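Just below is one structure, and these are the notes that go with it.
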Amino acid sequence: MVAQLNHHIELISTNPLDATMTGRNTKAYIVAQYALASDTETTAKDYNLSVGAVYAALSFYADNQEAIENALETSRALDLSQMELSDARLKEIQQKMNDE
């Protein structure tokens, strides 16, 4: 049997949240978090990945955990600020409708 070196993770940008499983749109950090909450075999089955790919996602997550957590916090903060803007815009529209 010949040893293989597979590349399971694709880095699309410098943002660790953008890293995907090779050939898929599945985010590597999501696969890792799922595996941490369940187990590698279940994760491999549920995401239709090899167990090796799941371990690669776990390794990526472990190596980049701080950057991933910081990116998630930033993403959540941006989402909240966009919601606040949307609420303000909604009030503005409601005011215009009341003025008519």
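The values are calculated or read from the model by the stated rules, or taken from the named source; none is laboratory data. Everything numeric here is computed off the predicted structure, so don't read it as measured data. In this analysis, Cβ positions are derived from the backbone assuming ideal geometry, glycine residues included, and neighbour counts consider all displayed protein chains. Quick note on the areas: whole protein, heavy atoms, side chains included, nothing else; ligands and nucleic acids left out. Shrake-Rupley method; radii C 1.70, N 1.55, O 1.52, S 1.80 Å.
Some observations on this one:
- Cut-off 14 Å, label 7 Å out along Cα→Cβ of S75, residues of the range 26-47 by amide N: 26-34
- Residues in the range 32-46 reached by a label modelled at N25 [backbone nitrogen below 20 Å; 7 Å Cα→Cβ]: 32-34, 46
- With all protein chains kept in place, the per residue accessible area of the chain amounts to 74 square angstrom at a probe of 1.4 angstrom.
- Simple Cβ-charge dipole of the chain, Lys/Arg +1 and Asp/Glu -1, about Cα centre, in debye nearest 20: 300
- Taking amide H as placed 1.01 Å from N in the peptide plane, the amide H of I9 sits under 5 Å from that of T22, each at least 5 places away or on another chain.
- Its alpha carbons considered, the chain gives a radius of gyration followed by a Dmax of 19.8, 78 Å.
- Using all pairs of distinct alpha-carbon atoms, the Kirkwood hydrodynamic radius of the range 6-63 works out to 10.9 angstrom.
- Accessible surface of the chain [probe 1.4 Å, protein heavy atoms]: carbon and sulfur percent: 52
- Across the options V2, S13, T42, the greatest Cα extent toward the positive end of the charge dipole of the chain (unit charges at beta carbon of Lys, Arg, Asp, Glu) belongs to V2.
- Across D46, D87, D18, mean-square fluctuation computed from a Gaussian network of the chain (C-alpha pairs under 10 Å connected) peaks at D87.
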